[in-house]
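Worksheet: the structure to be examined is printed underneath.
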């Protein structure tokens, strides 16, 4: 058995490609474990956990490619021979052969009509690339995170003064002219416009609108910090203006985590003074309904409700299945009865930040504030973000988990490891998982977790425990993964699949509440 | 003055800078997309990159 590390100084590949190479190398004969990744602190931490870190990889910088393999001498040598061919394959598995310009200028020479850029390079380089694209008159979806707020301000000031979109940074999703961009779902075209500072929140609302039978005109993402005092809602206002004058948009849904109060006032004032369309607002967990309604908009308390209100206004309501409260209560009581006395806690493992946030708000009504890496109040911040305790919800798409590695909607590795850990904890009663599908996401996330659920439900049964896993699939039947197929895969292993993130969180909260109640102890 | 609405209804012609998965997804739907062969500038040293871009201007 050998541990082999090769460091290639200054050699760069994107995290999606490296994830595919790692998976392929790991499956080769004679390889026990392998990782091919950039030398970020997060990736070194992962190597340490899996016993692949050595002096060479410890000394690698963020600009270096780290190749780490454990296996037989022959297996490792053979894998190293194949490595370069794998690194030079495109993510679709083909050898790169098409022309690829190296700069934005040369791309524009080759295709003068380019009018939109999607940018997902490491955060410290993202602002320069985004500014170059804006200066060439291109609208930008800036997927990269780890971009400073000062850089965001500079980019958005330029974009607004030139009538352009700068969606992001850390903007996960958008739909422009029915084209899904970034992490996005295939939804019906319609008359509902969406502008949101909450990527998976927008995905949840749009997929539920689709399930109700209504459709989307345009969906503009702003990035999560847009409604901060520093940015002042620059792109939210830009998006609202655009949708307000769009002839194909009749209803506008506004989605954000709680904005800074003065920015909330500014947005609501703009809606009151300028907007001629019907507006539905969901400031997830923030904003007073009366102040939203005072400006003539409709207030929705959850993403699910925002989708329902907008669909009703569009003349398509109740197409999507919803859970009645008494049905949730019945399932919760039945499940709670099967738990053993030690099983008390809820663990949410989320790939979607807004879905995690919404769940924490909902379960708070049943079990109080929960621990998190992105908590609702600072006292509940985990000391170690990857070590849940008591009731915990983790947002695994947060910046700290994505430096130099692919987003958890695409790379399920970290969530799989955490699932295995939490499912083995005898104190855990319920695990909540979001399954977000669509373009950009993993090709079969439900398949990955179905295998793990099967294994751990059986382990728990042998140990006298009843492991409850609750999920909801954010996606549509038109997505490449097909939401119906994904739901079926989960259900077949005993996962309780709810029709929305809010319903999944409510059920989990009820189960844990019953599990800890006097009624059950008697 | 340009407005955001100018892009509505127009054919998107996209430049993808970074994760190739996004370009693959667009191409599979028949959306015109060019993938940039992006590398960190000047071995990833932002100061050297800034200097280099000033020299090239």
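Rundown of residues vs (1) farther than 15 Å from residue B:40 by Cα; (2) modelled with pLDDT of 95 or more; (3) away from chain B (no Cβ under 11 Å); (4) part of a loop (DSSP other than H, G, I, E, B), yes/no style:
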residue: A:121; (1), (2), (3), (4): no, no, no, yes
residue: A:131; (1), (2), (3), (4): yes, yes, no, no
residue: A:151; (1), (2), (3), (4): yes, yes, yes, no
residue: A:154; (1), (2), (3), (4): yes, yes, yes, no
residue: A:158; (1), (2), (3), (4): yes, yes, yes, no
residue: A:164; (1), (2), (3), (4): yes, yes, no, yes
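Of the residues in region A:414-437, none is over 23 Å from residue A:512 (Cβ atoms), touching a helix residue (DSSP H, G or I) at 6+ places or on another chain (Cβ under 9 Å), free of Cβ contacts under 8 Å to residues at least 40 places away in the same chain and surrounded by 20 or more Cβ atoms within 10 Å (Cβ to Cβ). Kindly indicate whether any position in region A:317-326 is part of a helix (DSSP H, G or I) and either more than 24 Å from residue A:184 (Cα to Cα) or assigned by TED's automatic domain parsing to the domain that holds residue A:466 (or both). Yes. Has region A:170-181 got any residue that is surrounded by 24 or more Cβ atoms within 10 Å (Cβ to Cβ), away from chain B (no Cβ under 11 Å), within 15 Å of the chain's Cα centre (by Cα) and part of a helix (DSSP H, G or I)? No, region A:170-181 contains no residue that is surrounded by 24 or more Cβ atoms within 10 Å (Cβ to Cβ), away from chain B (no Cβ under 11 Å), within 15 Å of the chain's Cα centre (by Cα) and part of a helix (DSSP H, G or I).
Of the residues that make up region A:191-206, is at least one in contact with a strand residue (DSSP E or B) (Cβ under 8 Å, 6 or more places away or on another chain), farther than 21 Å from residue B:13 by Cα and part of a loop (DSSP other than H, G, I, E, B)? Yes: one or more hits. Among residues of region A:363-412 being touching a strand residue (DSSP E or B) at 6+ places or on another chain (Cβ under 6 Å) and within 14 Å of chain B (Cβ to nearest Cβ), the one that is farthest from residue A:347 (Cα to Cα) is A:404.
From the list A:448, A:497, exactly one residue is surrounded by fewer than 24 Cβ atoms within 10 Å (Cβ to Cβ) and in a strand (DSSP E or B). Which is it? Just a single option satisfies the conditions, and that option is A:497.
The rows are residues; the columns are (1) in a helix (DSSP H, G or I); (2) touching a helix residue (DSSP H, G or I) at 6+ places or on another chain (Cβ under 8 Å); (3) not assigned by TED's automatic domain parsing to the domain that holds residue A:214.
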site	(1), (2), (3)
A:476	no, yes, yes
A:479	no, no, yes
A:506	yes, yes, yes
A:511	yes, yes, yes
A:514	yes, yes, yes
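Within region A:417-445, the set of residues being part of a loop (DSSP other than H, G, I, E, B) and over 16 Å from residue A:388 (Cβ atoms) comprises A:437, A:438, A:440, A:441, A:442, A:443, A:444.
Taking the listed residues A:303, A:313, A:227, A:243, the one that is in contact (Cβ under 8 Å) with a residue 40 or more places away in the chain, surrounded by 23 or more Cβ atoms within 10 Å (Cβ to Cβ), over 24 Å from the mean Cα position of the chain (by Cα) and closer than 26 Å to residue A:191 by Cβ is A:243, with no other qualifying. Of note, residue A:508 does not satisfy the criterion of being within 27 Å of residue A:406 (Cα to Cα) and in contact (Cβ under 8 Å) with a residue 24 or more places away in the chain.
Can you name the residue in region B:27-42 that is at pLDDT 90 or above and at the interface with chain A (Cβ under 7 Å from one of its Cβ atoms) and, of all such residues, is surrounded by the most Cβ atoms within 10 Å (Cβ to Cβ)? Ranking the qualifying residues of region B:27-42, first place goes to B:35.
Counting only residues that are surrounded by fewer than 19 Cβ atoms within 10 Å (Cβ to Cβ), away from chain B (no Cβ under 14 Å) and in contact (Cβ under 8 Å) with a residue 40 or more places away in the chain, region A:8-31 holds 5 of them.
The values are calculated or read from the model by the stated rules, or taken from the named source; none is laboratory data. Here the structure is a predicted model, which means the values were calculated and not measured. Cβ coordinates were reconstructed from backbone atoms using ideal geometry, including for glycine residues, and neighbour counts include every protein chain displayed.
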